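Before any comments, here is the structure.
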Amino acid sequence: MEFIALLSSISAISIILFILGIGLLIAEMFQPGFGVFGSLGIVSLIACIFFTAQTVAQGLILTGIFFVIVLLLLIIFLVFFSKRLPGKLILTESETLEQGFSGTKDTSHLMGKTGVTKTMCRPVGNVDFDGVKLDVVSRGEYIEKGTTVEVIEIEGNRIVVKEKTKEG
């Protein structure tokens with residue numbers, strides 16, 4: 001009986017809000033963003049419930065119906081458009097070093113180079129390599145400020161130094 005009373009109380013504004021809400025949810029599926037369309041769609045559907053339902057029972061019935069409709073739209077979207085989805089949302093190309101792409105600055109030219117520590121390395125510090133100041137790391141030992149150090153390893157943007165001895 002509640003359902004029949006609910007159907008008889010549907011107004012033009014309720015139909016407009018329902019169509020607008022479903023349209024905004026579909027727009028969110030096809031044009032994902034910050035959730036603006038989806039949020040506005042949900043607000044529109046909630047407003048539709050408030051304009052249509054006269055009792056709490058009618059509001060719960062409408063909420064259930066809207067939930068099923070949104071769930072069906074999501075399933076339809078995933079079934080029919082999932083084949084085209086990976087090409088649009090997932091990067092399939094890779095950028096390799098051989099092609100000239102690098103995620104870090106190439107510092108391989110510093111291998112074996114000597115510099116002077118500008119800060120104490122414990123184990124991270126700052127070293128001056130011929131006027132270029134770079135962040136470096138030692139192998140765990142403390143190196144005093146003003147000490148001459150040598151680059152012994154480079155791994156990405158991590159430059160490992162050791163104290164340069166007088167013999168070497």
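What follows is calculated from the coordinates using simple rules that are stated; it is not laboratory data. No experiment lies behind these values; they were computed from the predicted model shown. Note: ideal-geometry Cβ built from the backbone for every residue, glycine included; neighbour counts use all protein chains shown.
What the table shows:
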{"read-out": "Residue with peak Gaussian network fluctuation, the chain [Cα springs, cutoff 10 Å], from V132, V43, V149", "value": "V132"}
{"read-out": "The chain: Lys pairs at Cα distance under 22 angstrom, eight or more positions apart or on different chains", "value": "20"}
{"read-out": "Choice from T52, T63, T147 with maximal GNM fluctuation in the chain (Cα, 10 Å cutoff)", "value": "T147"}
{"read-out": "Pairwise centroid distance, computed over Cα atoms, of the range 99-137 with the range 5-68, Å", "value": "59"}
{"read-out": "Highest-MSF residue in the chain out of F67, F129, F51 [GNM, Cα springs under 10 Å]", "value": "F129"}
{"read-out": "Options N157, I46, S8, ranked by Cα towards positive dipole end of the chain, top entry (Cβ charges)", "value": "S8"}
{"read-out": "Dipole axis of the chain (+1 Lys, Arg; -1 Asp, Glu on Cβ), positive-most option in L72, S138, I61", "value": "I61"}
